[in-house]
Amino acid sequence: MLNVPKQAAQEGYMQKPYKDTPYTKVAAGTIQIPPDPPLTEHEIVALHTEVSALADWAKIKFKDTAWELYYAEIAKLQAEATASNAWMQARDHVDGLKRKYLD
């Protein structure tokens with residue numbers, strides 16, 4: 001579940017999850033840990049299979065593989081938020097130029 005509060009969207013940051021924190025702040029939103037709504041059995045099996053296959057292929061521990069995949073997904077979310085923010089700033093700049101010179 002990805003919530004996008006306005007303040008977090010403007011700040012654009014990530015925070016590591018801690019045991020006592022039920023969510024992770026990521027770029028323009030939060031990732032719920034555990035997910036809300038809960039994952040289905042099919043989703044859990046698919047994730048386990050992906051992590052197991054990568055761990056076997058890379059010859060690293062399951063836990064380390066899962067952690068790397070988790071942070072790869074977070075990096076994707078951050079890149080998406082950064083690109084979105086850049087487009088919003090460019091649009092605002094162009095709109096400002098239009099107002100300045102065309103009005």
**Fill in**
For the Lys63, Asn85 Cβ pair and Förster radius 25 Å, calculated FRET efficiency rounded to 0.05 is 0.15
**Fill in**
A correct Karplus calculation of ³J(HN,Hα) over segment 52-62, with 6.51 cos²θ - 1.76 cosθ + 1.60, θ = phi - 60°, whole Hz and x for Gly and Pro, returns 4, 5, 5, 5, 5, 5, 8, 6, 10, 5, 4
**Request:** Place +1 on the Cβ of every Lys and Arg and -1 on the Cβ of every Asp and Glu in segment 61-103, take the dipole about the Cα centre, and give the residue among Ala86, Leu69, Leu102 whose Cα lies farthest towards its positive end.
**Result:** Leu102
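With the other protein chains left in place, how much accessible area per residue, in square angstrom, belongs to segment 46-103 at a 1.4 angstrom probe? All intermediate terms of the calculation are to be shown ahead of the outcome.
Values: 4850 Å² over 58 residues.
Per residue, segment 46-103 has an accessible area of 84 Å².
Excluding His48 itself, calculate the net charge of residues whose Cβ lies under 13 Å from the Cβ of His48, where each Lys or Arg counts +1 and each Asp or Glu counts -1. Mind showing how you got there, number by number?
Numbers: positive: Lys63; negative: Glu41, Glu43, Glu50, Asp56.
Here the count lands on -3.
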**Item:** Peptides ranked, highest mean first, by Cβ atoms within 10 Å: ranges 84-97, 47-60
**Value:** 47-60, 84-97
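Would you work out what percent of the accessible area of segment 34-103, with all protein chains in place, is carbon or sulfur (probe 1.4 Å)? Present the calculation step by step, with values, prior to reporting the outcome.
Values: 3820 of 5980 Å².
The computed percentage sits at 64.
The values are calculated or read from the model by the stated rules, or taken from the named source; none is laboratory data. Keep in mind it's a predicted model, so treat the numbers as computed, not measured. Please note: Cβ atoms are built from the backbone with ideal geometry, for glycine as well, and neighbour counts cover all protein chains shown. Note: areas computed on protein heavy atoms with side chains; ligands, DNA, RNA excluded. Shrake-Rupley method; radii C 1.70, N 1.55, O 1.52, S 1.80 Å.
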